[in-house]
1. How far apart, in nanometres, would the label points at T105 and A15 be if each is projected 7 angstrom from Cα along the Cα-to-Cβ direction?
2. Report the full-extension gain for the segment S90 to L22: residue separation times 0.36 nm, less the Cα-Cα distance, to one decimal in nm.
3. Quick one: accessible area per residue over the stretch 45-115, 1.4 Å probe, rounded to a whole number of Å²?
4. Charges only on Cβ, +1 for Lys and Arg, -1 for Asp and Glu: so what's the dipole of the stretch 39-132 about the Cα centre, in debye to the nearest 20?
5. Summing Lys, Arg as +1 and Asp, Glu as -1, what charge do residues with Cβ under 12 Å from the Cβ of Y36 carry, Y36 excluded?
6. Quantify, in whole percent, the carbon and sulfur part of the accessible surface of the stretch 78-138 (1.4 Å probe; protein heavy atoms only).
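The values are calculated or read from the model by the stated rules, or taken from the named source; none is laboratory data. Being a predicted model, the structure only gives us computed values, none of them experimental. For neighbour counting, all protein chains shown are included, and Cβ atoms are generated from backbone atoms with ideal geometry for every residue, glycine included. When the accessible area is computed, the model is the full protein with side chains, heavy atoms only, and any ligands, DNA or RNA have been set aside. Shrake-Rupley method; radii C 1.70, N 1.55, O 1.52, S 1.80 Å.
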Amino acid sequence: MGCGTISQVSSKSDATQRLADLARLRRVRDRIDREYAQPLDVEALARGAHMSAGHLSREFRLAYGESPYSYLMTRRIERAMALLRRGDLSVTDVCFAVGCSSLGTFSTRFTELVGVPPSVYRRQAAQATAGMPSCVAKQVTRPVRNREARVTEPQLA
């Protein structure tokens, strides 16, 4: 049986650990995608992945470019946009349907990502996506991720 140097053995176990961590992070992301409307927090996600909350947050940000909480809120806002486009639910009903427990936090985050408050989006989206297949509407109305929506200055004619 051959033996490698300590650095070869160490790097091999580091690579194996990194792959295991990436698999766990993918499962966390998949859980967020599936259970976005459930009461999820970083501690619960970390417990499910057998990681500390701090380690999960750091590794998730390295792998996906944003924190687990930010990813969760983006999923919730994407789903809220789809529900608001339907036009049959109030903003409050949509807020609770996507798993948010605070209308204020929901409205603030929605406005940051989309650029307009949910009530304005609901009114505008109904007109803008009329007659458009839902799969196309989802793509053209996708919220901005990893940065806030740009606020445009009104143009004077």
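1. If labels sit at T105 and A15, their model points lie 4.2 nm apart.
2. 20.6 nm
3. Per residue, the stretch 45-115 has 43 Å² of solvent-accessible surface.
4. 180 debye
5. +2
6. Percent of accessible area from carbon and sulfur atoms in the stretch 78-138: 55.
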